[in-house]
Structures are given as structure tokens and as C-alpha cells.
Amino acid sequence: QVRLVESGGGLVQAGGSLRLSCAASGSFPSIVTMGWFRQTPGEERELVAGVGSGGNTNYADSVKGRFTISRDNAVNTVNLQMNTLRPEDTAVYYCRIWGYGFNYWGQGTQVTVSS
């Protein structure tokens, strides 16, 4: 059983920063992609940023230059540093790990950016 525990969400003013963390426990392959998705009411969940097992990263266009994803394979964590936050970044953020034949999600953490 794989468990993902997220932390770091909250309320911040526009222009501020937050750092999300996700700790994965349980048994899963070493070759996995870790990432963050977000979802607002009535919308589909969208990829914010992902990082492969080799360290390659990809970002949604809307967060490039503002968000940075990182992972620590030694402790199975993935972090998302979010700077220069905007009201449109308000969403529930979900951690995810996935690979061939498996897919796990965290429970989500709320990020609210006030204008």
C-alpha cells in the first residue's frame, strides 16, 4: 500500500510564496514520476509540474518561472516551491506518483491566494 501525505497548503496574499511537500511511504518501483496537479470546482484536474526519476522536469505554461519542483529519492519526497502566487493559482493541489502499472494520489491540500 502506497500512501502520500501532503503538507504546506494555506492562505497567502498575491505575490507571496508557499512550499508544498509530499511524503510517499510504502513499496513502489524506483522508476516513477512524481508530480503535482491542481483542481478547481467544475474543472478537470491539471498537471502543474512533474519530475521524472532522472530529474527531468516539466511545468504547465502558467507556472513556468514561478514554481519549482524537486524530489529527494532518498526519502521519497517531492516538493513544490511556489513563488509570485496569483489568485488564479487558488486550487486544491494533489500529489501524485505514477509509473508503469501503478498510480497513486494524495488527499489534496488547499491553496488560496487572495488578491
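The values are calculated or read from the model by the stated rules, or taken from the named source; none is laboratory data. These numbers were taken from a predicted model, which means no experiment stands behind them. Counting neighbours? That spans all protein chains shown, and the Cβs are built from the backbone with ideal geometry, glycine included. Please note that ligands, DNA and RNA were not included when accessible areas were found on the heavy atoms of the full protein model with its side chains. Shrake-Rupley method; radii C 1.70, N 1.55, O 1.52, S 1.80 Å.
Determine whether region 1-11 contains at least one residue that is in a strand (DSSP E or B), over 18 Å from ASN103 (Cα atoms), over 15 Å from the mean Cα position of the chain (by Cα) and at pLDDT 95 or above.
yes
Of these, GLY65, GLY55, which one is under 23 Å from ALA14 (Cα atoms), of a type in the set (Gly, Ala, Ser), surrounded by fewer than 15 Cβ atoms within 10 Å (Cβ to Cβ) and more than 14 Å from the chain's Cα centre (by Cα)?
Answer to the selection: GLY65.
Could you check region 68-115 and list, in sequence order, the residues that are of a type in the set (Phe, Trp, Tyr), within 12 Å of the chain's Cα centre (by Cα) and open to solvent by less than 70 Å² (accessible area, probe 1.4 Å)?
TYR93, TYR94
Quick one: in region 28-52, which of the residues that are of a type in the set (Gly, Ala, Ser) and buried (at least 19 other Cβ atoms within 10 Å of the Cβ) is nearest to SER17 (Cα to Cα)?
It comes out as ALA49.
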